[in-house]
Amino acid sequence: MYFIYICPVDSEFVNKWKSQVKKGTLTFIILNLLKKQEYYGYDLIEQIRQHTAMEVAEGTLYPLLNRLKNDGLISSKWVEQASGIPRKYYALADEGRRSLTQMQHFWEDLENAIKHITEK
Amino acid sequence: MKIPTFQQDATVKLYQHYINRVKRTVKTLPWRDRDDVLMEINSHIHEGMQKANETQSETEALQLILDKLGKPEVVFKPLVAERKLKQATITFNPLHVMKALALNISNGFIYLVFSLLYLLQLTFIFMVGAKLVYPDQVGLFFKNGNFHLLGIAAFDVRERQGLEEVLGNWFIPVMLVATVLSYLLTTLLLRLKRKK
C-alpha cells in the first residue's frame, strides 16, 4: 500500500513574496540592531541571522551599508585589531535615529492594521 | 593591506583569485573607495576564517565564505554604479559621466533620459562643424524679431521667408558656450537627482 505524501513546500509565489518582505525590512532590521551597539559587517550578518533566522545574501549587505552611509543614516570607522586586519564598525547616526523613530511608528501602524485584517 | 594567513597554497590561490575579481570590479572607483571596499572584504574573509567550522578543511571554509559573499561582478555593481555617479556629478568629468550613466541605465528610466540630454549637446557641436563647412548658410535665424531656426537655411528660403541671421561671426563661440552651459546644467540636474 502506498501513501501519497504532499510535502508542504512553499509555492514559488510565496517564496517571491518572502524575499520581497525580507528585502523591504532589512534596512529596518539593520538600523534597529545598530541602535543598541556598533557592529562590523561580519558580526552584523551573524546578528541578523540569529535574531531573524533570515539568511542574508552577504555580499549585498556591503553595498546596502554603503548606501545607508551615503544617506547619512549610519557612520563608519576603521578600528585596528591585534590581528593586523582592521574591522570597519558601523554606528547609527543622528539622522538614522530620527529616521528609525519614524520607521518604528509606521511599523506599529502596519502591524496593527495587519492584525486587524487577519483577525476578521 | 595585511591579508589573512593561510596554510595551504590552494587556499592562497583561491583568495587571490577572488580578491583580483573584486579589484577588477571596483577598478573604476577613486583609489580611496577602492581600498575601502577591498579592506572590508579582506576583513570579512578574515573574520569568517576565524569562526570557521573545524571539521572543514581550510580551502572548504574559504570557499564557503566566498560562495556566501557572491560573485563580485554582481554584488558590487550597485556600489560601483552609485559611487561612480557621485564622482561624475562632483568632478563634471565627461568620461566619469558616461561611465556612470552606462552603469546606472539598468537602475531606471530617468538615466536613459539623462543619456539623451547629454546626446543633445552634440547638436551644438554639430552646428559648429556645419558652420565651418557651410559658413554662409548655417546660423541662428530670426523672423520678425523672434527665434525661428537654429540650423541651415539656403539663400532663397531665407529671402522668401524673411529670415535674418543674428549671430554672424559670434556663431561658433556662442555654440561652444551653449555646449558647456548645457553640459553643466544637465550635470547639476543629475546631481540633484542623485541626492533626492
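Tabulated data for the structure shown
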read-out	value
Options A:LEU31, A:LEU26; residue that is away from every other protein chain (no Cβ under 12 Å) and at pLDDT 95 or above	A:LEU31
Identity of the residue in segment A:67-79, within 14 Å of B:VAL37 (Cα to Cα) and at pLDDT 90 or above, that ends up nearest to the other protein chains (Cβ to nearest Cβ)	A:TRP78
Selected residue (criterion: farthest from the other protein chains (Cβ to nearest Cβ)) from residues of segment B:56-76 that are more than 30 Å from B:LYS193 (Cβ to Cβ) and not hydrophobic (A, V, I, L, M, F, W, C)	B:SER57
Given (1) farther than 25 Å from B:ARG83 by Cα; (2) part of a helix (DSSP H, G or I); (3) of a type outside the set (Lys, Arg); (4) within 12 Å of another protein chain (Cβ to nearest Cβ), number of the condition A:TYR42 does not satisfy	(1)
Residue among B:LEU66, B:LEU103 that alone is touching a residue at least 40 places away in the same chain (Cβ under 8 Å), of a type in the set (A, V, I, L, M) and in a helix (DSSP H, G or I)	B:LEU66
Matching residues, segment B:17-40, being of a type in the set (Asp, Glu) and either more than 15 Å from B:LYS86 (Cβ to Cβ) or modelled with pLDDT of 95 or more (or both)	B:ASP35, B:GLU40
Every residue from segment A:8-23 that is away from chain B (no Cβ under 14 Å) and not polar (S, T, N, Q)	A:PRO8, A:VAL9, A:ASP10, A:GLU12, A:PHE13, A:VAL14, A:LYS16, A:TRP17, A:LYS18, A:VAL21, A:LYS22
Qualifying residues in segment B:19-51 (those that are crowded, with 19+ Cβ neighbours inside 10 Å and farther than 17 Å from B:VAL80 by Cα) - the one farthest from the other protein chains (Cβ to nearest Cβ)	B:ILE45
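Here is a yes/no grid of residues against (1) of a type in the set (S, T, N, Q); (2) within 14 Å of chain A (Cβ to nearest Cβ); (3) surrounded by 15 or more Cβ atoms within 10 Å (Cβ to Cβ):
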site: B:PRO78; (1), (2), (3): no, yes, yes
site: B:LEU85; (1), (2), (3): no, yes, yes
site: B:THR91; (1), (2), (3): yes, no, no
site: B:ASN104; (1), (2), (3): yes, yes, yes
site: B:LEU112; (1), (2), (3): no, no, no
site: B:ILE125; (1), (2), (3): no, no, no
site: B:ALA130; (1), (2), (3): no, no, yes
site: B:ASP156; (1), (2), (3): no, no, no
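The values are calculated or read from the model by the stated rules, or taken from the named source; none is laboratory data. Since this is a predicted model, take the numbers as computed values, not measurements. Neighbour counts run over all protein chains shown; Cβ positions are idealised from the backbone, glycine included.
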